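Below is one structure, written out as structure tokens; the observations come after it.
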Amino acid sequence: MAVRVIEVAEFDLVVFGASGDLAHRKLLPALYHRDADGQMPDNARIIASARRDYSDDDYRDYARKALQEHVSDLDDAHLEKFLKRIRYVKIDIGTAEGFEDLKTVLVEREDVIRAFYLAVGPDLFGTICENLGKIGVVNSHSRVVMEKPIGKDGASAKALNATVGAVFNEDQIFRIDHYLGKETVQNLMALRFANALFEPLWNAAHIDHVQITVAESLGTGGRAGYYDTAGALRDMVQNHILQLLCLVAMEPPESMNADSVRDEKLKVLKALAPIGEHNADKLTVRGQYRAGASAGGAVPGYLEELGNDQSGTETFVALKAEIANWRWAGVPFYLRTGKRLAQRVSEIVVQFRPIPHSIFDEEAGAITANRLIIRLQPDEGVQMKVMIKDPGPGGMRLRQVPLDMSFAEAFKVRNPDAYERLIMDVIRGNQTLFMRRDEVDAAWAWIDPIQAAWAASKETPKGYTAGTWGPSASIALVERDGRTWAEDELV
């Protein structure tokens, strides 16, 4: 199947933190693939910036090694063409040294799109934007891209957004969540709103509950110091998981216009039933991994990786959320994320209600309710569990089978990484897959009371062995409602 590629307008993309892990693993490969597929105009430029004392050729060598490591279908001829797009400007963000050099490069072309990608720690976002404003390179063609986390709580998020908003207009700010760029996440919207099959059933009358799992088999590794200041609730739930919940639960937007979609997502966030000191003990579980086994070998616990004998930071969270509106009243949304779990997998499971009455006798076997499974990673696809007759003579025997669609098998093309789509959306000025400022505020307004309740309780996170599915209390969270985690689907 041929993929339609639409070239974007001329642009200069400035990457701050161009020698960091994000640029190395994600941004450079994403840009190379978009160039190789013919989406970037001939005179598009990538301006890399970091503190290292590189020349243009030095950074091109760095980029070549990153692409050789992370791009499996690298074409040597196109690689050299891509590398010629790259310029390098040394900037020390702390001292502001080098910003005038950046201005010199940018003013060579006044009428092209200027995108500033902040692939650095969030504590530097405000400083970079203030300096861009001071040197006068922000114009009507400019955009800025902010990676999560946007703040560490509601107050710091508001302060950060105010600082950036003093330089860039809201329609120029792209708060990126790479989960929203995944093919399967967008197909969730196609399933709901492009098919007559699902939307009439997408409500409390037909859906029993929803599960969202974002599980990692790795530990914190070299990020343990940063992670200890964040934790799973801030690192994953406030952004990735709540954004997935919004796409599952939102009302049909008027159109795919960015604000139409984000208006409906905001309504979901505002409708989340509060969790705080009065109910956090019943609706939340937090855990911290201990030493165990993963990928066939022994692995240390979180405290060993941190190099400390105590920490109250959670590496696992399970929540029972409810949406207080007519569509979803009484339907629990079970949310779960953690590190050092049994496997790396991200899935949305929509569990439908059982049929109201069976016409089949006992010999036909039990009838299992339909289930829709949307796999985000590692193998993106959509699966629907349905009941059919077991083939062969001898009466009616029922069994559940999957109607399975794997993107890799169905389309026979390379599945683009989320960053490829999102970077090109920045250049186009399409904010549909990016968080609006009021979304960030609403997400923190729900998260902050949970964090406060945990701090007030003074309870430490529950231990769980690395390589398992988390603390036993997370199983009880679901099973006391007569349900169970859909771990049989996580394969």
Carbon and sulfur: what percent of the chain's accessible surface (1.4 Å probe)? 51
Mind checking which aspartates and glutamates have their C-alpha under 13 Å from LYS385, skipping anything on the same chain fewer than 8 residues away? ASP404, ASP488, GLU489
Apply the Karplus curve 6.51 cos²θ - 1.76 cosθ + 1.60, θ = phi - 60°, to the phi angles in the range 155-166 and return the couplings in whole Hz, x for Gly and Pro. 5, 5, 5, 4, 5, 5, 5, 5, 5, 5, x, 6
Pull up all non-local amide H partners of LEU272: gap of 5 or more, or a different chain, and H-to-H distance under 5 Å with H placed in the peptide plane. ALA324
Highest mean first, how do 209-215, 74-80 rank when packing is the count of other Cβ atoms within 10 Å averaged over residues? 209-215, 74-80
Determine the shape class of the range 413-456: with a ≥ b ≥ c the square roots of the Cα gyration tensor eigenvalues, call it rounded for a/c under 1.5, and otherwise prolate if a/b is greater than b/c, oblate otherwise. oblate
Dipole size in debye (nearest 20) for the range 54-116 around its Cα centre, Lys and Arg Cβ +1, Asp and Glu Cβ -1? 120
How do 360-367, 113-120, 314-321 rank on mean C-beta neighbours within 10 Å, highest first? 314-321, 113-120, 360-367
Put one equal scatterer on each alpha carbon of the range 208-322, apply the Debye formula with no solvent term, and list log10 I(q)/I(0) at q = 0.13, 0.14, 0.15, 0.23 1/Å to two decimals. -0.65, -0.72, -0.80, -1.29
Using alpha carbon centroids, what distance separates the range 113-155 and the range 193-240, in Å? 26
Qualifying lysines (Cα of each under 21 Å from Cα of LYS103; at least 8 residues distant if same chain): LYS84, LYS90, LYS134
Over the chain, the sum of -39500 (n - 2.57) across DSSP H runs of at least four, divided by residue number and rounded to 500 deg cm²/dmol, gives at 222 nm -9000 deg cm²/dmol
Using θ = phi - 60° and the Karplus relation 6.51 cos²θ - 1.76 cosθ + 1.60, list the HN-Hα couplings for the range 218-227 in order, rounded to whole Hz, with x at every Gly or Pro. 7, x, 7, x, x, 9, 4, x, 5, 4
Value of D in µm² per second that Stokes-Einstein yields for the chain, Kirkwood Rh from Cα pairs, at 10 °C (1.306 mPa s): 65
DSSP-defined antiparallel bridges as percent of all bridges, the chain, nearest 5: 55
Calculated from backbone phi, Karplus (6.51, -1.76, 1.60) coupling profile of the range 131-140 in Hz, x at Gly/Pro: 5, 5, x, 5, 8, x, 9, 8, 10, 5
Sorting check: for 125-132, 306-313, which peptide has the highest mean count of neighbouring beta carbons within 10 Å, and how do the rest follow? 125-132, 306-313
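Exceeding 21 Å between C-alpha atoms, which entries from my cross-link table qualify? They are LYS339/LYS462; LYS158/LYS282; LYS148/LYS182; LYS26/LYS182.
Cα-Cα > 21 Å for LYS158/LYS282; rest within.
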Compute the accessible area per residue over the chain, keeping the other protein chains in place, probe 1.4 Å, unit Å². 44
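The values are calculated or read from the model by the stated rules, or taken from the named source; none is laboratory data. Bear in mind the structure is a predicted one, so any value in this text is a computation, not a measurement. When we count neighbours, we look across all protein chains shown, and the Cβ atoms used for this are built from the backbone with ideal geometry, even at glycine. The protein model used for the area step is the full one, side chains on, heavy atoms only, and it has no ligands, DNA or RNA in it. Shrake-Rupley method; radii C 1.70, N 1.55, O 1.52, S 1.80 Å.
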